[in-house]
Amino acid sequence: MWDLISFTNDSEILDGCEGRKSYRKYVRRESLFLLRTILTGFPVIVFSVGRPLPAAVKVAWKLRLFEICKIIAVDGAAIALASSNIVPDVVVSDLDADINDLIHVGKQGSIIVLRRKMEGTEKVLRFFKKCIGPIVFYDSVAKYDANSDLDAAVYLACKFHCRKVVLLGFDVSGNVSIYYKHGLRHTGSRLADQKRFTETLRRISWILEKFDMEAYGVLEENLSLKGVSLVSYLDLPNIL
């Protein structure tokens, strides 16, 4: 398993990849260090694929939030952002979203962190100039392993010492947007594996507490999560 804490040099990055012999040519040696440079000391917005995502993207564009913070997008959230001409700095994905749309995002310059090896992995890696993975998230010191792309994204932000985290596009009831998974036609569909989603939320709270991270959600999304303070969309420029 990949121990994020022990990452200190290029060889460890390459050794952290599943099937590294097959994917070695696609792993960009500088990507992890670029990731550290991008996230450390900056406020970060993590975009999820919940039902409020389309509204959150519109707000991000209107308030120009991408100009004052770094953005981590979870899988299909990257596609929603790209459709509004917002390029996420980092995409955390297990390739649930439309592969061709992810390739389009990759061509815009985002770093992609592949959480596991899936069908289409090699095709996607060809088009991301900056990539890490496929990897298994495991932190032997914090005793943490990722349950989903969502908690993995929050973990990355905290692990690389971002200044604060804002969670957007979240729906704690488990209702998702059309960007949740390729082929989903209706916003408002409910997750089939609600138990797993509940565990993801628990892990996010645990991560925020473990790293003593300042975290915010928005009142309009009614995000009720331990360790997360609620503000209005309009407060975000001042918060960030």
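Nothing in this text is a laboratory measurement; each read-out follows from the coordinates by a stated rule. Please read all numbers here as calculations on a predicted model, not as lab measurements. For neighbour counting, all protein chains shown are included, and Cβ atoms are generated from backbone atoms with ideal geometry for every residue, glycine included.
Some observations on this one:
- Sequence ranges 159-170, 214-225, ranked by mean other-Cβ count within 10 angstrom, highest first: 159-170, 214-225
- Amide H to amide H, with H built 1.01 Å from N, Lys130 comes under 5 Å of Ile112, counting only residues 5 or more places away or on other chains.
- Amide H contacts under 5 Å for Cys162, placed H, 5+ residues apart: Gly41
- Nearest-0.05 FRET efficiency for Asp235 and Glu209, computed from C-beta distance (R0 25 Å): 0.65
- Integer Hz, Karplus 6.51/-1.76/1.60 couplings in order for segment 152-159, x for Gly and Pro: 4, 5, 5, 4, 4, 4, 6, 5
- With θ taken as phi - 60° and the Karplus curve 6.51 cos²θ - 1.76 cosθ + 1.60 applied, the whole-hertz 3J(HN,Hα) list for segment 105-111 is 4, x, 5, 7, x, 5, 7 Hz, x standing for glycine and proline.
- For Tyr216, residues with placed amide H under 5 Å, excluding near neighbours: Val165, Val166, Leu167, Ser229
- Phi angles of segment 60-75 translate, via the Karplus equation with coefficients 6.51, -1.76, 1.60 and θ = phi - 60°, into HN-Hα couplings of 4, 6, 5, 8, 6, 5, 5, 8, 10, 7, 9, 10, 10, 10, 8, 6 Hz per residue; Gly and Pro are given as x.
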